[in-house]
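What follows is one structure encoded as structure tokens, with my remarks underneath.
The values are calculated or read from the model by the stated rules, or taken from the named source; none is laboratory data. These figures come from a predicted structure and were not determined experimentally. Here the Cβ is made from the backbone with ideal geometry for all residues, glycine too, and neighbour counts use every protein chain on show. Note: areas computed on protein heavy atoms with side chains; ligands, DNA, RNA excluded. Shrake-Rupley method; radii C 1.70, N 1.55, O 1.52, S 1.80 Å.
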Amino acid sequence: MTFYITTPIYYANSLPHLGHLYTMIVADTIARHKRQQGIETFFLTGTDEHGINIERAAERAGRTPKEQADYVVSYFKKMTAAFSLDTDHGGYDMFMRTSEPFHYQGVSELWRRAAQAKTPKGNDAIYKGHYEGWFCAACAAYKTEDEYAKAAVEGAPPTCLIHETPLDRIAEESYFFRLSDYGDALLALYESRPDFVQPETRNNEVTAFVRGGLQDLSVSRLKSSVSWGVPVPDDPNHTMYVWFDALTNYITAIGFGNEERERAVGFEKFWPALHLVGKDILRFHAVYWPAFLMAAGLEQPRAIVAHGMWLDPTGRKMSKTLGNTVDLDVLNRHFSIDAIRYFCLREMVFGQDGRFGYEALIDRTNSDLASGLGNLSSRTLTMIFRYAGGRVPSGVIAEDKLLLAKRTGVDTDETTVSGFVEHARDQFLQYIQAFAFSKALETAWSVVARVDKMISDAKPWELAKDENQKQTLNAVLYRAAETLRWLCVLLYPVMPNATVEIWTQLGLGTLPGASATPAAIDPAKLKWGELAEGTKIGEVKPLFPRIDKTRTMAEISGTAEVNSSVSKVEPATISGSVGVLSAMRAQQKHSGMHATEADAVSGAPRISDTRPRPPMQHASEADVVTRPDGLANFIDITDFTKVDLRVGEVLTAERIPKADKLLRLTVDIGEEKPRQILAGIAQYYEPEQLPGRKIAVVANLKPRKLRGYESQGMLLAASVGDEGKPVIATFTEEVPNGARLK
Ligand code: MSP
């Protein structure tokens, strides 16, 4: 038996964020759960690299589209490594890229098959026509009337409801996929397979959409409009619609249309897949993709499973413009990977939207992990050390001790607790099967609570005083330890690090054989009592240190402030550390601009990296400067006064030949001679706009040569929007040149 799970492939025009991380965590959890059952599992993720949007992002950053994709991919890979989601950590099996030649081959094959096919109504599945409509580059989709907002000003283009950006009017020759002929076939599919689209609410949504009638889908753009993509077979003037190309990654990755991939993975072996997606892209997966597959005569996916979206703590959509996104660096620095995984799966009711707040994450970590599972584990193991010589004692209470035991109030019938745990296990597995992670974890924590109470009620410290109650005490300890073993196996897919750690502390880590790890034990096959008496407990270490909420919140808000001013870090400093994510973000924000800002930090430790890291991270420490006291990174006034900020007046400004981003300015900051400052603002300011303008200048920045010119300072500018458009800081009142800013 095999199992194949996919995440969406992420657009290669923006950096990884919490939404991507969440999908990865869910997919990783499901994959680990399947592997535990001994099912050969293939977990695919990757990047969606074609289309106008990536072309534009690349252009803005002065890169080729492929360079742009390489750049973003390197950060996706860093993110997945930093959160232990990559192959090295038992996560995804393959990172797919749609720019791979084998993908071109496979997509072309799918197109050819569809192009030769007849629809269920006997028409050509693909035909050539003309399309005119409003197109959103960011969605890479044409928008219908209910999907855009009409412009307030007459004649202006409407705006995309999702991105709030103006749409492009496109009228051009296009190939169409005759989706309108597939409505009945799709409805029949949904009806015959009620779990094809999950959860149920999403199924209803999709069904209603298809019942509403389907329009044919434009599946190509003229190469003159979009050149970065897969050419339409036999008509290279057309580029495939990016969704046709992207969705097909799920089959090309494993070997469709390419023998080498077929041998390496196996379409025959692994297809059909379970596609895990955000509800934002459900329609593409549950309507278009099945129709394409029908046309090509291929088997339908196993299921389309859609999760909800993360919102901020007040329920707003996360967006860079609102500044309410979750910084993955901050997450990685302050929280263990397992705590983040647990929180994501526990807090969000799968399928619905959820709110993500650091405070809630801290609260859950402290209550459920530190005081809950962590405490149960450490108290159980410590008592085994203290009262049973560090070895798992026997759980059996001999006949002649039963009466004595009963007097203490301890339940002498072991099956009461084992029955409870077994029942919880069954429920847990049913919930996982239904993707109800939150409920599954609630169930597991009912076990934690139950066994915690069993210990507290039995008062082992009292029992230990009475030699006659030795067996009673041992029985309590055994039950607690055996429950812990079960919890390790159940919770392994959610918390792969902590459960293996508890496993080791329980003394189980060193047993020979692959089955000796919770990664390879099928929870359905757990049997109560298999924890061997005499097992030697390992060293007991804290699992989930309590988080000091006030301090951490202060540190986080400090980070947030600092992050926004983090400047470009040379790619050479990028290492395996997730700290690079902020560097990258900054780099992307400022890509090709603020050349003088680059001077500000290169070589200096990045402020956002100066915080202690939580345990269980494997990111390289090489580029991290840790503050020994672990305090928030406030700077004091003396630090600030080290920066010599002056009012300057731009005297001249000119472009630099062959450097399309740089302007060369001469600026009077009240010194004998004006300064020469190079600023990466040429794409946003015309040289003529600047002379006479009063600006703020960092005057004591080490001079640096750029394009053969020495830059003797840096001007300050706000960095606005996703592209980091610079807006020069200026003064609205009269100020003399050289006045100090403080
Ligand atoms: N490239 C397309 C997908 C093609 S699949 C053949 C795409 N890419 S994306 O980069 O925009 O990623 C979308 C996916 O990221 C969502 O479906 C979801 O899995 C995840 N998320 C993005 N934002 C999210 C939240 N705010 N919350 C949860 N997940 C979100 O669409």
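So here's what we get for this one:
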read-out: Whole-percent pair-distance distribution, where bins are 10 Å wide, for the alpha carbons of segment 325-402; value: 15, 33, 21, 16, 12, 3, 0
read-out: Cβ-isolated cysteines (cut-off 4.7 Å), the chain; value: Cys344, Cys488
read-out: Overall Cα dimensions of segment 400-531 - principal axes, largest extent first, Å; value: 45, 32, 21
read-out: Under 19 Å from the Cα of Lys269 - lysines, other chains or at least 8 residues apart; value: Lys34
read-out: Kirkwood Rh and Cα Rg combined as Rg over Rh, evaluated for segment 415-465; value: 1.15
read-out: Radius of gyration and Dmax over the Cα atoms of the chain, both given in Å; value: 30.0, 101
read-out: Mean accessible surface per residue for the chain, computed with a 1.4 Å probe while every protein chain stays in place, in Å²; value: 42
read-out: P(r) of segment 58-106 over all Cα-Cα pairs, binned every 10 Å from zero, in whole percent; value: 24, 40, 32, 5
read-out: Normalised contact order of the chain, rounded percent, pairs of Cα under 8 Å and 6 or more residues apart; value: 11
read-out: Thr325 accessible area, assembled protein chains, probe 1.4 Å, Å²; value: 70
read-out: Counting DSSP beta bridges with both ends in the chain, the antiparallel % (nearest 5); value: 70
read-out: Spherically averaged projected area in nm², based on the convex hull that wraps the Cα atoms of segment 228-312; value: 7.3
read-out: Surface share of carbon and sulfur [accessible, 1.4 angstrom probe, percent] for the chain; value: 51
read-out: Gyration tensor verdict on segment 167-319 (Cα atoms; rounded if a/c is under 1.5, prolate if a/b is larger than b/c, oblate otherwise); value: rounded
read-out: Subset of Lys661/Lys725; Lys143/Lys279; Lys317/Lys661; Lys406/Lys525; Lys320/Lys549; Lys66/Lys279 violating a 23 Å alpha-carbon distance limit; value: Lys317/Lys661; Lys406/Lys525; Lys320/Lys549; Lys66/Lys279
read-out: Most positive-pole-ward Cα, Pro101, Phe244, Leu690, against dipole of the chain from beta carbon charges; value: Leu690
read-out: Violating pairs (Cα-Cα greater than 21 angstrom) within the set Lys658/Lys705; Lys78/Lys705; Lys470/Lys536; value: Lys78/Lys705
read-out: In degrees, nearest ten, helix 52-61 long axis to first principal axis of the chain (Cα); value: 70
read-out: Per DSSP, loop GluC sites (Glu not before Pro) in segment 149-191 with at most 15 further Cβ within 10 Å; value: Glu154, Glu164
read-out: Amide hydrogen neighbours beyond the local backbone of Met96, cut-off 5 Å, H modeled; value: Thr45, Gly46, Thr47
read-out: Protection-proxy order for peptides 724-735, 262-273, each taking the mean of Cβ atoms within 10 Å per residue, highest first; value: 262-273, 724-735
read-out: Check: the chain dipole with +1 on Lys, Arg Cβ and -1 on Asp, Glu Cβ, in debye; value: 1080
read-out: Structure-based [θ]222 nm, the chain - -39500 (n - 2.57) summed over DSSP H runs of at least 4, per residue, nearest 500; value: -11500 deg cm²/dmol
read-out: Taking the C-alpha atoms of segment 4-113, convex hull volume expressed per residue in Å³; value: 111
read-out: Helix 549-565 vs. the chain, principal-axis angle (Cα, 0 to 90°, nearest 10); value: 20
read-out: Nearest-ten-degree value, helix 375-388 long axis tilted from longest Cα axis of the chain; value: 40
read-out: Three-way shape label, segment 46-200, alpha-carbon gyration tensor, a/c 1.5; value: oblate
read-out: Computed log₁₀ I(q)/I(0) - Debye formula, equal Cα scatterers, no solvent, segment 368-434, q 0.13, 0.19 Å⁻¹; value: -0.59, -1.05
read-out: Coil-residue trypsin sites (Lys or Arg not before Pro) of segment 455-486, DSSP, other Cβ within 10 Å capped at 11; value: Lys465
